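The values are calculated or read from the model by the stated rules, or taken from the named source; none is laboratory data. Note that the coordinates shown come from a computational prediction; the quantities given were computed from them, not determined experimentally. Note that we place each Cβ from the backbone using ideal geometry, even for glycine, and neighbour counts take in every protein chain shown.
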Amino acid sequence: MIVYYNNKEINISVKKVDFLGKVTGLMFKSRDTDNLLFENYRDSKMAIHSFFVFSPFLAIWLDEKDRAIEFRKVKPFTFSLKPEKKFRKMIEIPFNDRNREIIGFFVGKRKI
């Protein structure tokens, strides 16, 4: 899928999750798993957690036009993380070599 951020675009390979995938997300998966796409039918400010996620990941919240409106590094076993703005989609991107370019696109050289 094409994601837009700061008047630029990047193609991110994602796996759309079903209902069960929305419940489990990256839980119990290795850092070499697929990037996961969570879609909502309406705007939401739903919080996420990272219980039983054993490595950090980048959470990117998108609007209905696939524009990144917020992103954050999520550490393992975080109780709750809620975006500041309503979103339509969210992508979980595990920190691994395959995702280095994507993470650099959003984060740049700054540490998150």
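Every condition in (1) part of a loop (DSSP other than H, G, I, E, B); (2) surrounded by 11 or more Cβ atoms within 10 Å (Cβ to Cβ) holds for LYS85 except the one numbered (2).
If you check LEU20, LEU62, LEU58 for being of a type in the set (A, V, I, L, M) and in contact with a helix residue (DSSP H, G or I) (Cβ under 8 Å, 6 or more places away or on another chain), only one passes: LEU58. Determine whether ILE102 is part of a helix (DSSP H, G or I) and within 14 Å of MET1 (Cα to Cα). Criteria met by ILE102.
If we keep just the residues of segment 65-112 that are over 17 Å from MET46 (Cα atoms) and small (Gly, Ala, Ser), which is modelled with the lowest pLDDT? Here the residue is GLY108. Among the residues of segment 1-58, those identified as among the β-branched types (Val, Ile, Thr) and surrounded by 11 or more Cβ atoms within 10 Å (Cβ to Cβ) are VAL3, ILE10, ILE12, VAL14, VAL17, THR24, THR33, ILE48, VAL53. When SER50, SER55 are screened for being over 17 Å from PRO83 (Cα atoms) and not charged (D, E, K, R), only SER55 passes.
Here is a yes/no grid of residues against (1) outside any loop (DSSP other than H, G, I, E, B); (2) on the phi > 0 side of the Ramachandran plot; (3) free of Cβ contacts under 8 Å to residues at least 40 places away in the same chain:
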site: PHE38; (1), (2), (3): yes, no, no
site: TYR41; (1), (2), (3): yes, no, yes
site: MET46; (1), (2), (3): no, no, yes
site: PHE54; (1), (2), (3): no, no, yes
site: ILE60; (1), (2), (3): yes, no, no
site: ILE69; (1), (2), (3): yes, no, yes
site: PHE79; (1), (2), (3): no, no, yes
site: GLU92; (1), (2), (3): yes, no, no
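If you go through segment 1-17 and pick out every residue that is within 19 Å of PHE87 (Cβ to Cβ) and in a loop (DSSP other than H, G, I, E, B), you end up with 5.
Number of residues in segment 88-112 that are surrounded by 13 or more Cβ atoms within 10 Å (Cβ to Cβ) and basic (Lys, Arg): the value is 3. Any residue that is of a type in the set (D, E, K, R) and under 24 Å from GLY108 (Cβ atoms) - is there at least one of those in segment 19-27? For segment 19-27, residues of a type in the set (D, E, K, R) and under 24 Å from GLY108 (Cβ atoms): absent.
Report yes if some residue within segment 25-32 is at pLDDT below 95 and either aromatic (Phe, Trp, Tyr) or assigned to a strand (DSSP E or B) (or both); otherwise report no. Looking for residues that are at pLDDT below 95 and either aromatic (Phe, Trp, Tyr) or assigned to a strand (DSSP E or B) (or both), one finds at least one in segment 25-32, hence yes.
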